[in-house]
Amino acid sequence: MSAVTAVAPVALGARLATRFRAPASTRRHHHRQRVATTSKAVAEQSDVLQKNKEEWNTLGSVCAVLGSQWGDEGKGKLVDILAQEYDIVARCQGGANAGHTIYDDDGKKYALHLVPSGILNEKCKCVVGNGVVVHLPGMFEEIDTLERAGVAIDPSRLCISDRAHMLFDLHKEVDGLREAELSGNKIGTTKRGIGPAYASKATRNGVRVGDIRNPEKFAANLRLLAADAASRFPEFEYDVDAEIEAYKKYAERIIPFIADTVALVNEEHKAGKRVLVEGANATMLDLDFGTYPFVTSSNPSLGGVCAGLGLAPSKFETVIGVAKAYTTRVGAGPYPTELFGDLADELREKGFEYGTTTGRPRRIGWLDVVALNYATTINGFTHINLTKLDVLSGLKELKIGVGYKMPDGTVTTAFPGDIDDLASVEVVYETVPGWDEDISGVRAYGDLPAGCRGYVERIEELCGVECRYLGVGPGRDAMVVKF
């Protein structure tokens, strides 16, 4: 039996003022019973892995993997797995503010920010679409790191859209000045210049990647961009001449990678190639649908995928929403199911909940089905990938946010568009049993503890979408497919 309770929210101002305590070095770690593994079980797991591979091949010829919460859900891992079965993996929006962590077959960790997560599959072509904002020094640093690790990268494997906008160091400078200007109402950006770069695009004074092929045009456009920033911020300091000289060297290296990716992706798909789209950020950070203004500067929802890659909506056969089995958020903004204290600290440490991009500690909360259903409605998820189930092992009971009680006493399952309304809700929780076993070695759904299966199936009932893929650990193979 599950129990339903309402819990009052912490005031928004108090949330924004919260500072995380450093984790206690003396925290006790409880050793949980691992699900037993026998020789028969090993053989069965081998069969399961083969069935998983067959499962990936049943997905649509165009598949999008999108974040359904506030980011950091584990999209990169699923993309890395699926990339083994797809011909093209494409990024479509965001920039270096998105950090995707993936692991190779030997368990080596890679933190990617601009390069698509399919880069570890040597047969896969990676595409950076027109909706991405590209910081070339950061891109080169990432490429160099991958190449030092033995990952081959050349224009046959990586293409960057000529229509993608460039992010310069001046955008980072503007980002910091803008945050300082906001004072007590800071958004909590990564200060990677993402917002200012998209602002340049929207005001039509941005510089596109393709412009670098014309040195005179590039220099003129960059000077206009710098002059605009200087007129807006008296404190702005930027050596535009030095930047132009630096980009002359960058041009020599980047030009071979530049392509008309709209034509490339559509022609490859028409020729029978399979396309996997890797979303960055997440729906609850969407510029239009998220907790505005505490959002990112692009559209991480399905509409943004189409606009940021040039693929028609009708071509998307599979849309997978990635959701943590609990929730996290980085930076400021309303967060109804947020946890504080020892339990939040415990989950943060068990789940390694520190930003891939910034290293900031993530805020922690229970699963919010109101928000998850909202994301499902917007994106039309065909499947859900529920990640980090293993982090919840050892908890005797789990809470699921199933509704919001408004100040007038009414209960809604609709996600409010106004952050003041969202900050005033009391979350209606449903309590379900947890489980004690370590599930990190499980590969078949039937081998999961009853409490874990019950949690998954209750989420499915509440969302109306199958949680088909279940993450039970960080490794590439730590995935249970629910057949």
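Taken together, the values in this text are just the output of simple stated rules run on the coordinates, not laboratory data. All figures in this text were calculated on a predicted structure; none of them were measured in a lab. Neighbour counts are summed over all protein chains in view; Cβ atoms, including those assigned to glycine, are modelled from backbone coordinates with ideal geometry.
Seen against the Cα atoms of the chain and their longest principal axis, helix 261-270 is set at about 50 degrees. Stretched out straight at 0.36 nm per residue, the stretch from Asp241 to Asp144 would grow longer than its current Cα-Cα span by 32.4 nm. Can you compute the helix-only [θ] at 222 nm over the chain? Use -39500 (n - 2.57) per DSSP H run of at least 4 residues, normalise by all residues, nearest 500 deg cm²/dmol. My calculation for the chain gives -10000 deg cm²/dmol from helical runs alone. Looking at the chain alone, DSSP beta bridges between its own residues are antiparallel in about 45 percent of cases.
Between Lys217 and Tyr445, the contour length at 0.36 nm per residue exceeds the alpha carbon distance by 76.3 nm.
For Leu158, enumerate residues with amide H under 5 Å from its amide H, sequence gap 5+ or separate chain, H modeled in the peptide plane. Under 5 Å from the amide H of Leu158 lie the amide H atoms of Cys126, each far enough along the sequence or on another chain. Using the average count of surrounding beta-carbon atoms within 10 Å as a protection proxy, the listed peptides 398-405, 141-148 rank, highest first, as 398-405, 141-148. Taking 20 Å as the straight-line reach from the Cα of Lys399, the lysines in range (excluding those fewer than 8 positions away in the same chain) are Lys324, Lys350, Lys388.
Mean separation of Cα pairs under 8 Å and 6 or more residues apart, divided by the residue count, gives segment 87-162 a relative contact order of 34 percent. Shape analysis of segment 165-254 places it in the prolate category; the axes a ≥ b ≥ c from the Cα gyration tensor give an a/c of at least 1.5, with a/b above b/c. If you count Lys pairs in segment 165-254 whose Cα atoms are under 23 Å apart, skipping same-chain pairs closer than 8 places in sequence, the total is 12. Lys273: which lysines have alpha carbons under 28 Å from its alpha carbon, excluding same-chain residues fewer than 8 sequence positions away? Straight-line reach from Lys273, under 28 Å: Lys51, Lys53, Lys75, Lys77, Lys123, Lys125, Lys315, Lys482.
The distance separating the Cα centre of segment 124-165 from that of segment 360-437 comes to 35 Å. Measuring max minus min along each principal axis, the C-alpha atoms of the chain give extents of 69, 53, 47 Å (largest first). The label point for Arg232 and the one for Ser314, both projected 7 Å from the Cα toward the Cβ, are 3.9 nm apart. On a 0 to 90° scale, report how tilted helix 169-182 is relative to the longest principal axis of the chain, with both axes built from alpha carbons and the result rounded to the nearest 10. In the chain, helix 169-182 runs at an angle near 60 degrees to the longest axis.
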